[in-house]
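Just below is one structure, and these are the notes that go with it.
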Amino acid sequence: MNDKTKYDAACKRILSEKSILAWIMRECLTEYKGCTIDEVIQCIEGEPEISTEMVSPDALAIKGMNTEDISESEGVIYYDIKFTAVVPHTHEKIRLIINIEAQNNFYPGYPLIKRAIYYCCRLISSQKGTEFTGDDYGKIKKVYSIWICMNPPKYKTNTITKYQITKENMVGELAEAKENYDLLSVIMICFGEAEGQAKPDILSLLSTVFSSTLTVKEKQTTLQDTFEIDLTQGLRKEMNAMCNFSDVIEARGEVRGEVRGIMRGEARANLKSIQNIMQSLNCSALDAMKIIKIPDDEQQKYLDLLHQ
């Protein structure tokens with residue numbers, strides 16, 4: 001494994017710690033609002049599965065869900081972290097299937113939100129034969145796909161955005177139980193190290209855990225004092241690993257370099273052309289990019305630059 005792969009694996013193992021997961025769940029999922037962290041931890045079933053061969057020695061006896069989602073036509077998808085959780089304070093046992101992705105590259109050549117929605121759809125369709133059989137669709141469980149974005153563009157830094165299915169009465173008024181259509185949600189958590197900016201607890205927690213400037217000791221102190229998280233031996237080991245691979249955290253620098261890079265040469269001219277067309281024709285950025293034939297996989301980068 002190269003350094004970047006090792007760093008990636010350490011990030012996933014840190015995020016799979018139940019104390020970290022509990023904070024993410026309590027702060028971002030409506031089902032756990034008002035719960036204590038200990039209560040949320042108790043709702044997590046088994047041990048989260050991690051999509052890497054480097055499983056910590058104390059996590060070899062994992063009893064969670066398979067992280068592979070296999071389709072003959074679409075190949076194999078590896079979810080970063082996948083587990084189930086019980087919704088508290090309900091009379092029956094309802095399970096949420098929650099997929100957590102740690103994303104370093106904010107510009108993979110397509111909108112991340114579309115990939116996240118696709119993951120949710122796969123998480124739902126894969127329930128046939130496990131959660132339900134035949135046409136017993138009433139047993140479909142809600143799924144979440146939570147994306148932890150470590151290197152978002154500046155204007156998205158320190159934001160949390162939720163995408164979900166909602167009901168709209170177009171003609172007349174129709175009552176429908178929310179649990180019948182509220183079956184998938186995507187949550188994008190974009191955190192950063194912006195100084196002097198007040199942040200919600202979960203953004204502050206993630207910024208602390210994945211900080212490239214704090215030492216492991218400083219992280220440990222903040223996690224204990226502010227979030228009441230005691231570092232286990234395994235968690236300390238992974239944080240030390242991240243520090244040892246500090247040169248790999250150049251992912252931030254790579255993303256910035258990528259953004260700077262597209263400002264050079266032809267790309268700078270394209271950006272100027274887009275702005276001129278938008279002003280002259282009073283059209284959208286997407287329409288302007290179609291006129292000058294910007295490839296689909298490059299459009300998001302220009303949209304981000306227009307927002308700078």
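The values are calculated or read from the model by the stated rules, or taken from the named source; none is laboratory data. Since the model is a prediction, treat every value here as computed from it, not as a measurement. Note that we place each Cβ from the backbone using ideal geometry, even for glycine, and neighbour counts take in every protein chain shown. Note: accessible area is taken over every heavy atom of the protein model, side chains too, but ligands, DNA and RNA are not part of it. Shrake-Rupley method; radii C 1.70, N 1.55, O 1.52, S 1.80 Å.
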Q: Report in % the part of the accessible area of the range 15-54 that belongs to carbon and sulfur, leaving out ligands and nucleic acids; probe 1.4 Å.
A: 44 percent
**Q.** residue 180-residue 105 pseudo-label distance in nm [points 7 Å out on the Cα-to-Cβ vector]
**A.** 4.3 nm
**Q.** Where labels lie 7 Å past Cα in the beta-carbon direction, separation of residue 170 and residue 117 in nm
**A.** 1.6 nm
Q: Just grab the label-to-label distance for residue 292 and residue 275, each label 7 Å out from Cα along the Cβ direction, in nm (one decimal).
A: 1.1 nm
Q: Give the ranking of 121, 35 by solvent-accessible surface, highest area first, calculated with a 1.4 Å probe.
A: 121, 35
**Q.** Of the trypsin sites (Lys or Arg not before Pro) in the range 93-124, those whose Cβ has at most 13 other Cβ within 10 Å and which sit in DSSP loop
**A.** 93
Q) In the range 160-236, carbon and sulfur make up what percent of the accessible area (probe 1.4 Å)? A) 47 percent
Q. Once phi is turned into θ = phi - 60°, what whole-Hz ³J(HN,Hα) does the Karplus curve with 6.51, -1.76 and 1.60 give for every residue of the range 94-111, x standing for Gly and Pro?
A. 9, 10, 9, 9, 10, 10, 10, 10, 9, 10, 8, 9, 7, 10, x, x, 7, x
Q | Solvent exposure of the range 94-213 as accessible area per residue, Å², 1.4 Å probe | A | 49 Å²
